[in-house]
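Beneath this line is the structure, given in structure tokens, with notes to follow.
The values are calculated or read from the model by the stated rules, or taken from the named source; none is laboratory data. Everything quoted here is computed from the prediction, not taken from an experiment. Please note: Cβ atoms are built from the backbone with ideal geometry, for glycine as well, and neighbour counts cover all protein chains shown.
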Amino acid sequence: MGHGMLVDHIQGTIVRAADFVFSPFDWGRVAEPVGPAMGAQRVTLLVVEVAPGKAWRLGWALEEENVAVVFAGSGHGDVTGHRTEIARGSALHSPTGRTLELEAGDDGLTAYVWRTRLAGNEPTGSAPRLESELWNTETQLHGFSGTGEIAADEKTAVMNFLFWPGTGSARLCLHCGIQDPGQTFNVHQHPESEEAFIAFEGDGQMYLIDRWHDVSPGDVLFAAPGVPHGTRNPESAEGRFATCGGPTPFDPVLYARAGVSAEVKQ
């Protein structure tokens, strides 16, 4: 399934979209490329494919936080009564104590859903942001030089912060990395966070542990705490390479590098 397996612990893995194992339901099907079965302790990542006219629901759960990104198709999303139209690139945040529903339109809907359990001591926002899109540029990180595991590339990518402490998120975050041809989001690691992110648009490369891997849209990267990872778009590419996801729990270092507060907005 991946790369870098130890006896009792997976340092990191890249799961190809073609290798997802789905379970069928009357509303569609679901896969779990990242979760307890492969050693993840802090984050679970689902791939949810909803059939045309059907709906997928994640029931109310105390001390759980969820984020969904629409990968294909369109329809409507609902976060406990907050209903909105969704399409490719739309993102929803379901804070603790909220339900999450994805209803597919005539062309069906595919979404990636990040789930985490709160530790119980996190501050929670009183009015957290519930919807956004990957291309939201209001808060960004520029010029990220990594954390020193390998030499940094000077042509750096930009990262959009969509759900993060500044929008009232308690534990999960959602970032979108935009890499134009020749740009890199430099290799780094998170000391206390698991990282799960996907290739959303374009063919590019993901760094994991000790080397670069070619990836295509829908592929998933998982990195355990302390494991180096990064993304880049080769100089020879014809279009941009976009990724989305984030460390769980969120890593304050990224916000410090962007010059914004890592405190949860109340």
Note to self: Residue under question is T116, and the condition is that it be among the polar types (S, T, N, Q), at pLDDT below 95 and crowded, with 16+ Cβ neighbours inside 10 Å; does it hold?
What the structure shows: no
Item checked: Hits in region 32-67 (condition: surrounded by fewer than 19 Cβ atoms within 10 Å (Cβ to Cβ), farther than 18 Å from D78 by Cβ and among the hydrophobic types (A, V, I, L, M, F, W, C)) -> A37, M38, L62
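Residue-by-condition table, conditions (1) out of contact with any Leu (no Cβ under 9 Å at 6 or more places or on another chain); (2) among the charged types (D, E, K, R); (3) under 24 Å from T167 (Cβ atoms):
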residue	(1), (2), (3)
E32	no, yes, no
E63	no, yes, yes
N66	no, no, yes
S74	no, no, yes
E85	yes, yes, yes
L92	no, no, yes
G97	no, no, yes
A104	yes, no, no
Notebook entry, point to check: Taking A262, is it among the hydrophobic types (A, V, I, L, M, F, W, C), part of a strand (DSSP E or B) and either surrounded by 14 or more Cβ atoms within 10 Å (Cβ to Cβ) or in contact with a Ser or Thr (Cβ under 8 Å, 6 or more places away or on another chain) (or both)?
Noted result: no
Checklist line | Total residues in region 225-257, condition over 26 Å from T124 (Cβ atoms), small (G, A, S) and in contact (Cβ under 8 Å) with a residue 40 or more places away in the chain | finding: 5
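Please return the ranges of strands (runs of 3 or more DSSP E) entirely within region 196-238 where 2 or more residues are over 18 Å from E154 (Cβ atoms).
Of the strands (runs of 3 or more DSSP E) lying wholly inside region 196-238, those with at least 2 residues that are over 18 Å from E154 (Cβ atoms) span 204-208, 211-215, 220-223.
Being of a type in the set (G, A, S), in a loop (DSSP other than H, G, I, E, B) and more than 22 Å from A111 (Cβ to Cβ) is the filter here, so list the residues in region 131-187 that pass it.
Result: G143, S145, G146, G148, A151, A152, A157, G182.
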Checklist line | Every residue from region 212-239 that is of a type in the set (V, I, T) and more than 14 Å from the chain's Cα centre (by Cα) | finding: V215, V227
